[in-house]
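Working notes for the structure below.
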Amino acid sequence: MRRTSRREFVKRAAVGSAFFIVPRHVLGGPGFTAPSDRLGLAAIGAGGKGGSDIRNASVGGRERVVALCDVDFGGSAGETAKAFPDAVRYADYRRMLDERKDIDAVTISTPDHVHGPAAAFAMRRGIHVYVQKPLTHNIAEARLLTRLAREQRVVTQMGNQGGSNPQLRTVQRWVDSGIIGPIATVKVWTNRPVWPQGGEMPSPNVAAQPKTLDWNLWLGPAPWREFTPGLHPFSWRGWWDFGTGALGDMGCHLIDIPFRTLGLHYPLDAESSVGTVYSQMWTPDYHPDGAPASSFTTLHFAASAKSRVPIEMTWSDGGIRPSHPEMIPPDMEIGGGANGVMMIGEKGIITTNVNDGTDLRPRLFLADGTMEAGPDNPPDIEPESGHQRLWVDACKAGFDSPEHRALTSSFDYAGPMTETVLMGNLAIRSTMLRRQTASGGWEFYGRKKLLWDGEAMRVTNLEEANRFVGREYRAGWEV
C-alpha cells in the first residue's frame, strides 16, 4: 500500500537485469502516478480553507478530484461540491478512504482536533497527505505523523503556505550573511484571537443544530457533548477539545519564519502568563477548558549553526505587541503591525509580516541607520506561492524524490516546528493547573518555567503538565 517512485523501481530493476524490458505502467509499482498522468485527489474538510486547498491542489483541473468529505455540505463545502460535480460526497472520511481505491492523495482541512486522526488513517493506507496548520492538535500526534510519513513513504506537506513564499529567501539571505550579527532575541506577536475566546463554553442546544450537520462526525475523536452553538463552523478554535487557540492558529505562520531561517529544533523550556478576566470583584474567572483571551509565552533554544548563540523567543497574542527597538524609527510600523516577527541581532534587526501567503514585507534595519526592504511579490505569483501544487508534483515524483525533498513543509520539518508551537500551548494550559490550599484559596502550581526534554517528549519538572502532551480519544477515532 506504500507509494514507490518510478525512479526507485527503475533503479532496483536495473540491478536485477540490464536486458529485461518492463512496461511503462509497471515501472512505478503500486500507487505510482507518472507525471503525465492525473492524480486522484480527495478532500477531508471541503469548506472554507478546505475549499481553496483542494482547488489549488487540483491545479486548475489538471488533477482529478474524485471525492469530497465534509460533515456539513449545507455550508461553504456545498460551493466546493458544485465546483467538482463529479466528486462523490462523503460525511465520514474513514468510509471514504476505505471504499475508494482511486485516491492517491488527500487534503485535510478540518478543525484541529481531527487533523492527526485523519492524517494517520490516510497515511496507513499509503495515501499522500496535505494537512492544514497546525499539523496536529497536540505534540504526541505531531511526533506520530512525522514517524508515519517516513515509515509509509508518503509525500507530506503542512498548510503553512507562507513557507513557499519566495520572499523568505530574502530573510534567509540576510540571516546567512551574518549582517545583523548573532541573533539572540526573537519576538513574535499576533492580533488573534479574532473569535470568542477566554469566556465560558456556550450551553448545549440540540434544537439549534443545522439539519445538514452530522454532529457526531464533527466531534470525531473529541469527548461527546450535545450540539453546542458557536463551535461549528469557526469558533471551535478557542476550546481545547477542538482547537489550539491563537498560538495554534497563527504560530505555524509566524514562528515558522525564525524556526526555519535560524535552523531551530525543539525548545529547552517554556513559560507562559495569561490575561485574567474578572466578571466579579477580586474573583478571577476560571475556564480551563478554553484558551485565554491573551497570553505571553517565552521559549528558549540552544544555539544553532545559524544563530550561533542561544535564543530567547517570546510570543504574545490578544493584540499585545512588543515596543519599538532603538534601531527602528519610532513612526515606522514594525513587522506587519497586527502580526509580525522581529529577529534581533547585535548589529541589526530583521522584521517580517505574517507568513500566511500575504506579502511578507521583510525589512532590514542596521545599527548605523541603514534600512533595506525585500522585494514585493511579483504580480503573477502562483496562488499561495504554489504550496499545494508543489506537493501534488512531489506526490507524482514519489517519496524522497528531488521534488519531495524540495518541499518547504514536509513533516520532517513541519513536525518539529508544530511541536514547538504546541509546547507553548502546553505551558499556557499548565497555567490553569490549581489546587486548594489549607486556607481555602487556590495555588496555581503550573505557573513556572517548564523544562522540556524534546527527544523524550516530556516535561521534566512538573509531571502533571505531561497530561497535555497527548489526549484520550473516543472509541473508533484512535490514532
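Computed from the coordinates by the stated procedures, all read-outs in this text should not be read as laboratory data. Please read these numbers as outputs of a predicted model, since none were measured by experiment. Cβ coordinates were reconstructed from backbone atoms using ideal geometry, including for glycine residues, and neighbour counts include every protein chain displayed.
So the values come out like this:
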{"quantity": "For segment 167-232 and segment 130-156, distance of Cα centres in Å", "calculated": "18 Å"}
{"quantity": "Other-chain or far-sequence residues with amide H under 5 Å of residue 269's (modelled H)", "calculated": "300, 452"}
{"quantity": "In Hz, Karplus ³J(HN,Hα) per residue of segment 334-350 (6.51, -1.76, 1.60; θ = phi - 60°; x = Gly, Pro)", "calculated": "9, x, x, x, 5, 9, x, 9, 10, 10, 10, x, 5, 10, x, 9, 10"}
{"quantity": "Most to least packed among 285-293, 347-355 [average Cβ atoms within 10 Å]", "calculated": "347-355, 285-293"}
{"quantity": "Residues with amide H under 5 Å from that of residue 65, placed H, sequence gap 5 or more", "calculated": "41"}
{"quantity": "Karplus (6.51, -1.76, 1.60) ³J(HN,Hα), θ = phi - 60°, over segment 437-453, in Hz, Gly and Pro reported as x", "calculated": "8, 4, 8, x, x, 10, 10, 8, 7, x, 8, 7, 5, 9, 7, 10, 9"}
{"quantity": "All lysines inside 29 Å of residue 82 as judged from Cα atoms, apart from same-chain residues fewer than 8 positions distant", "calculated": "49, 101, 133, 211, 396"}
{"quantity": "Peptide ranges 202-215, 78-91, 163-176 listed from the most packed, as the mean C-beta count within 10 angstrom indicates", "calculated": "163-176, 78-91, 202-215"}
{"quantity": "Under 21 Å from the Cα of residue 448 - lysines, other chains or at least 8 residues apart", "calculated": "187"}
{"quantity": "In Hz, Karplus ³J(HN,Hα) per residue of segment 212-223 (6.51, -1.76, 1.60; θ = phi - 60°; x = Gly, Pro)", "calculated": "7, 9, 8, 5, 4, 6, 4, 5, x, x, 6, x"}
{"quantity": "Potential extension, residue 289-residue 184 segment - 0.36 nm per residue separation minus Cα distance", "calculated": "34.3 nm"}
{"quantity": "Contact order relative to length of segment 79-182, as percent, for alpha carbon pairs under 8 angstrom and 6 or more apart", "calculated": "21 percent"}
{"quantity": "Whichever aspartates and glutamates have a C-alpha closer than 18 Å to that of residue 306, once near sequence neighbours (fewer than 8 apart) are set aside", "calculated": "176, 256, 346"}
{"quantity": "Beta bridge orientation in the chain: antiparallel %, DSSP, nearest 5", "calculated": "60 percent"}
{"quantity": "Length-normalised contact order of segment 410-466 in % [C-alpha pairs under 8 Å, at least 6 apart]", "calculated": "22 percent"}
{"quantity": "Peptides ranked, highest mean first, by Cβ atoms within 10 Å: ranges 228-234, 456-462, 108-114", "calculated": "108-114, 228-234, 456-462"}
{"quantity": "For the chain: relative contact order, % (alpha-carbon pairs under 8 angstrom, 6 or more apart)", "calculated": "20 percent"}
{"quantity": "Distance (nanometres) between label positions extended 7 Å along Cα→Cβ at residue 464 and residue 382", "calculated": "5.0 nm"}
{"quantity": "Under-5 Å amide H pairs with residue 185, H placed in peptide plane, nonlocal only", "calculated": "312, 344"}
{"quantity": "222 nm mean residue ellipticity, helices alone, for the chain (DSSP H n ≥ 4; -39,500 (n - 2.57); rounded to 500)", "calculated": "-8000 deg cm²/dmol"}
